[in-house]
Amino acid sequence: MTPEDALKTLMEGNARFVSCSLLQRDHAKARRATSASQSPHSVVVCCSDSRSPPELIFDQGIGDIFVVRSIGCALDELGLGSVQYALQKLGARLVLVLGHTGCGAVELALREANSQGPLASVVSKIHCAVGEGCVPGDAVARQTRATVCEIMALAKALRIEGVRALGAVYNLDSGRVHLMKRRL
Ligand SMILES: [Zn+2]
């Protein structure tokens, strides 16, 4: 599937989610069809937030999307390695980075740059991406865009052809996914 077709598939799924008209799926059939191999049409990098489950938001079934989750969509080396795996080994070409309104991780990074334990590295990374003194909505957009840039840089460095990475913001209240304008 081309990145354009994959994006269309995701956005059509989101429209079904918003209108509460999810497809009736035969999960057992999908499970059997994908038990030996997978070829997801998209990679979705999204926040671990319990309110933003990507399979539901995009009304996708088993084998459709390859998901990498981390608070604030912040990727470390391990997360980027997961994206690389989906691109190089599974052939996906669309990477959608999905931030969301009311992201607690981004708000935490705005309030304090220093946390303790392993959380510190995530908060510090988000803090660096969003900078000082911006409102939460802008901060989510900046953080999402920073992750998109990292993925595009990865694809370029590894010469993975045809990758399209873009950012989007999920509205917790309406359920809608809004694509961000590309500014790269
Ligand atoms: Zn979040």
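Overview of values
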| item | result |
| --- | --- |
| Max mean-square fluctuation residue, GNM over the chain, Cα-Cα springs under 10 Å, options Arg93, Arg111, Arg32 | Arg32 |
| Square roots of 5 times each gyration tensor eigenvalue, C-alpha, segment 41-184, largest first, Å | 23, 18, 14 |
| Test item: Cα-centred dipole of the chain, Lys/Arg +1 and Asp/Glu -1 on Cβ, debye | 420 debye |
| Overall form of segment 8-89 per C-alpha gyration tensor (a/c, 1.5; a/b vs b/c) | oblate |
| Contact order normalised by residue count of the chain, Cα under 8 Å, 6+ apart, percent | 23 percent |
| In Hz, Karplus ³J(HN,Hα) per residue of segment 38-52 (6.51, -1.76, 1.60; θ = phi - 60°; x = Gly, Pro) | 9, 8, x, 7, 9, 9, 10, 9, 9, 6, 6, 3, 5, 9, 10 |
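Read the figures in this text as sums done on the coordinates, not as results from a lab. All figures in this text were calculated on a predicted structure; none of them were measured in a lab. Positions of Cβ are backbone-derived with ideal geometry, glycine not excepted, and every protein chain shown enters the neighbour counts.
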